[in-house]
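Single-structure report; data block below.
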Amino acid sequence: MGRPPPRSRFAPDRLVGARLRRSPAYDTAVLRLVLIGLVAGLFSALFGVGGGILIVPLLILAAGFLERPATATSLAAIGITALAGTITYAFHGHVDVGYAALVGLPAAAGAVAGSTLQQRIHARVLSLGFAALLVGVAVWLLAG
Amino acid sequence: MSPGTIAAALALGFAAGLLAGLFGVGGGILFVPTLLGLGLGQLDAEATSLLAILPTVAAGVWRQSGYGHVRWRPALWLGLASIAGVQLGVVIATSLPEHVLRRLFGVLVLGVAVQLAWRALRPRAALPR
C-alpha cells in the first residue's frame, strides 16, 4: 500500500477548520463534540480506560471525521480526560505511581511502534490477534 | 515482585501501547487487567491505568501530529467536556462494589474484542485508509 498524499490544511474533513468556523454548522459541531466528550469522560473514569473505543466511532458517525483524524484527535482528547481522571482519583488515594510507570512507560514505546505500523500496514491479523487476547481477558474477568 | 512478573508487566505494557498506536484506543483496556494481575483491586487498577495512559497518549499524539492527523480544536472541546463526565464516572465507580465493577469491565473488554474483530473483518471499501 502506498502512502496517501499529505492532506491540505483546508481539506473538507478538517472539521471546525477556518471555513466551517465562520458557518452556522460550527455551533452544532461544538455541541456534538461537547456531548461526545461528556459521555467519553464518564466512560473513561468508570472503567479506567481512555475512552477512544467510544470517541473514535462517535467522531466518525456523529461528527463527520475520517478514520485516521478521528483516531489521532481522540488520542489528544484522551490526554486531557486521563489527566482529569488521575487527579480526581488521586484525591481518593487510588493511584499507584510505581505500577503506572511499570506498564505506562513500555506502553509509550509500544504506541510509537503502533502508530508507525498504522501508516504502513493493514493491521488485520494483528487486530484479530488482539481481539482473541481480549476475549481471553474477558473470560478471566467474568469467570474469576 | 519477581523478575518474571516484571518482565510480563513490561511486555503487556508494550502490547497495550501497540494497541493504542494502531487503533487509537488509549491502552487502558489492557492496563487494567495487567494491574489486576499484579495484585491491585479493580478500583486501584482503574485509577492507576488512567495515569499509565498519559505517557502512552503523549507518545501517540506526538506521532500522529507528525502525520498531520490531529485536529486540535475539536480535541480541546472533547477533552474539556470530558472533565465533567469524569467527575460523574469517579462517583459511580467509587460507589459500586468492586466485584460489580470488575464484571462490568469484563463486559466492556468483550465488547472491545467484538469491535476490533468487526473492524478487521468488514468489507474493505467502506472508508479510505
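Derivation of every value follows stated rules applied to the coordinates shown; laboratory data play no part. All of these numbers come straight from a predicted model, not from anything done at the bench. Ideal geometry is used to build each Cβ from the backbone, glycine not excepted, and the neighbour counts take in all protein chains shown.
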Grab the other residues whose beta carbon is less than 15 angstrom from that of A:Ala100, score K and R as +1, D and E as -1, and report the net.
-> -3
Residues of A:54-64, mean number of Cβ from any other protein chain within 10 Å of their own Cβ, rounded to a whole number?
-> 2
Average partner coverage of B:7-15, which counts Cβ from other chains inside 10 Å | 5
For segment B:2-16, just list the computed ³J(HN,Hα) in residue order, Karplus coefficients 6.51, -1.76 and 1.60, θ = phi - 60°, integers in Hz, with x standing in for Gly and Pro.
-> 6, x, x, 5, 4, 4, 5, 5, 5, 5, 5, x, 4, 4, 5
Which whole-Hz couplings ³J(HN,Hα) result when phi for each residue of segment B:52-68 is put into the Karplus expression 6.51 cos²θ - 1.76 cosθ + 1.60, θ = phi - 60°, listed in order with x for Gly and Pro?
-> 5, 5, 4, x, 4, 5, 4, 5, x, 5, 4, 5, 5, 5, x, 7, x
